[in-house]
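The values are calculated or read from the model by the stated rules, or taken from the named source; none is laboratory data. From a predicted model like this one, the values you see are computed outputs, not experimental measurements. Here the Cβ positions follow ideal geometry from the backbone for every residue, glycine too, while neighbour counts run over all protein chains shown.
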Amino acid sequence: MNAANRVIIFISAILLLLKGFCVSMFPISKRAKEIREVISDLQELKSNSQFVRAIDMNIDFFRSANNMFRFIPWFIFCIPKIRKGLHNLLELVDLPIAEWQEKGYMGLAKIEDNRFARIMVSDFIDELCELVLKTNSLMT
């Protein structure tokens, strides 16, 4: 991925954060309600699950995603910790909560249909594939 694409992705991420911040300023927004539901479902799953560490990481993420001023410190301080334990990382769609798995996959389908997102995601997918292939070759 070249420098120009990285800058475009960085600027897009900031714009999405600002959009999310504007949306989260309204106390009864659909996004805030959905985040509360996710956190509630994760806490319920945590009480009888083998995925306690992954659930904690997801709860931290969703709590910080609700507010831009919480998200930036989370991003700066937690991403390096997550990168160290990449092989143990589970996303919300990887956990056994059918509702969020379905919503996650539907969201990915929408992104794949969006022309602009496809341009951004294609570079990400290329880099992700390189990382997976590199990791697999190191493991074998």
Item checked: Qualifying positions in the range 95-110 - exposed (fewer than 14 other Cβ atoms within 10 Å of the Cβ) and either of a type outside the set (Lys, Arg) or under 22 Å from residue 47 (Cβ atoms) (or both) -> 96, 98, 99, 102, 105, 106, 107, 108, 109
Check: Mind checking which pairs have a first residue in the range 48-73 that is charged (D, E, K, R) and a second that is at pLDDT 85 or above and assigned to a helix (DSSP H, G or I), Cβ under 6 Å, 6 or more apart or different chains?
Finding: 70/64
Check: Quick one: what pairs do we get from the range 1-16, first residue of a type outside the set (S, T, N, Q), second at pLDDT 70 or above, C-beta under 7 Å, 6+ apart or different chains?
Finding: 1/123; 1/127
Notebook entry, point to check: Applying the selection to the range 57-88, what residues are surrounded by fewer than 13 Cβ atoms within 10 Å (Cβ to Cβ) and either more than 29 Å from residue 15 (Cβ to Cβ) or of a type in the set (Lys, Arg) (or both)?
Noted result: 81, 83, 84, 85, 87, 88
Next item on the list: Specify the residue that is modelled with the highest pLDDT; the eligible residues are those in the range 126-140 that are polar (S, T, N, Q) and farther than 18 Å from residue 89 by Cα.
Entry: 137
Item checked: Unique match (being acidic (Asp, Glu), in contact with a Phe, Trp or Tyr (Cβ under 7 Å, 6 or more places away or on another chain) and over 16 Å from residue 99 (Cα atoms)) among 56, 60 -> 60
